[in-house]
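**Q** The structure under discussion is supplied below as structure tokens; questions concerning it will follow.
The values are calculated or read from the model by the stated rules, or taken from the named source; none is laboratory data. This one's a predicted model, so the numbers in the text were calculated from it and none came from an experiment. Cβ placement follows ideal geometry from the backbone for every residue including glycine, while neighbour counts extend to all protein chains displayed.
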Amino acid sequence: MQNLTPAGINLVNDLSARYNLSNDAVIAMLIAVNNGGGTMAQFNCPELGGGGQWMQGGMTMVGDMFNMGLKSTVDNLCSELSSALATTEVFPPIPRGTSASNQWWPVELGTPFSSGAQNNTRYAVFPQRLAVDLNGQVTIYDTLDNNIGGVSQQQGGDNSLTFSSQYGTIAVSSLPIVSGSNTVSGSGITAPPKTNFLEPEPVNAIPDAEPDNTVFEPAAMTSPAIQSESSADSIIELIDKLAHLHEAGALSDDEFSSKKSELLSRL
């Protein structure tokens with residue numbers, strides 16, 4: 001069981017009684033909100049409909065997506081937990097720079113201008129640095145000349161992380177590693193060193209080969225790949241990615257609302 005301060009225990013007991021939930025369910029949601037920096041949460045709680053997501057002042061998504069009462073419960077509970085985390089010492093103090101801390105990245109990196117968590121992965125963006133915590137293993141990447149606009153994780157077992165920059169969508173595993181694990185997504189494959197995304201990849205020389213002058217255009221937000229997603233799970237995943245782009249400032253409020261409405265209309 002998660003260690004709590006006396007104030008944290010009182011908070012859990014109070015919310016458990018008022019929301020008619022078990023202490024374990026409230027603690028699970030408390031940890032989810034805490035892992036999301038108090039502004040978002042990804043959770044899997046059977047008493048609250050299974051898997052879902054919450055964003056402060058934004059959307060709330062639950063497994064039973066048309067259950068408005070359940071959505072309201074999750075939103076109100078997460079909002080109360082967020083407020084409590086901001087004003088009350090719920091967990092015993094944990095040294096900065098350790099895995100169990102909200103500030104899990106190396107202290108010398110300072111304060112990130114963007115951070116978040118998805119599934120078993122946390123990330124924090126700093127000037128010219130990206131910190132990724134995968135299952136407690138922290139890796140620091142050099143972001144080179146990329147202006148990171150958002151980090152996303154594909155759903156599934158490969159933990160494939162990508163981020164958006166002025167050059168399009170880039171795989172985190174392609175960034176030079178400054179410190180930490182030297183493997184790609186825990187697969188045991190060493191990531192190739194890179195210095196700049198504008199430099200071409202080395203290729204085997206082929207005599208008399210014609211040069212390939214194909215120009216690849218960055219994918220638009222309404223690409224056929226997005227339009228082809230039809231399942232509810234895929235649409236929820238796309239909305240989640242849009243939410244992260246919106247939170248990071250890559251999408252305006254109007255753009256986010258328009259795209260979210262478009263995706264929700266397909267459910």
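**Q** What helices (runs of 4 or more DSSP H), lying completely within region 1-103, carry at least 2 residues that are under 21 Å from A117 (Cβ atoms), among the β-branched types (V, I, T) and within 23 Å of the chain's Cα centre (by Cα)? Show your work before the answer.
**A** Numbers: elements: 6-19, 23-35, 68-87.
Qualifying helices (runs of 4 or more DSSP H): 23-35.
**Q** If you take the residues in region 109-124 that are touching a residue at least 60 places away in the same chain (Cβ under 8 Å) and part of a strand (DSSP E or B), which one is farthest from F43 (Cα to Cα)? Outline the logic, then answer.
**A** Residues of region 109-124 touching a residue at least 60 places away in the same chain (Cβ under 8 Å): 114-119, 122.
Of the ones still in play, those that are also part of a strand (DSSP E or B) are 114-118, 122.
Details: S114: 20, S115: 17, G116: 14, A117: 11, Q118: 10, R122: 14 Å.
Residue satisfying both the conditions and the ranking: S114.
**Q** Please pick out the residue among A25, A32 that is out of contact with any Gly (no Cβ under 6 Å at 6 or more places or on another chain), outside the structural domain of N119 (by TED's automatic domain parsing) and under 21 Å from N135 (Cβ atoms).
**A** Among A25, A32, only A32 is out of contact with any Gly (no Cβ under 6 Å at 6 or more places or on another chain), outside the structural domain of N119 (by TED's automatic domain parsing) and under 21 Å from N135 (Cβ atoms).
**Q** Report, by residue number, each residue of region 31-73 that is β-branched (V, I, T) and touching a residue at least 40 places away in the same chain (Cβ under 8 Å).
**A** In the first step, residues of region 31-73 are kept if they are β-branched (V, I, T); the result is 31, 33, 39, 60, 62, 73.
Of everything in region 31-73, those that are β-branched (V, I, T) and touching a residue at least 40 places away in the same chain (Cβ under 8 Å) turn out to be V33, T39, T73.
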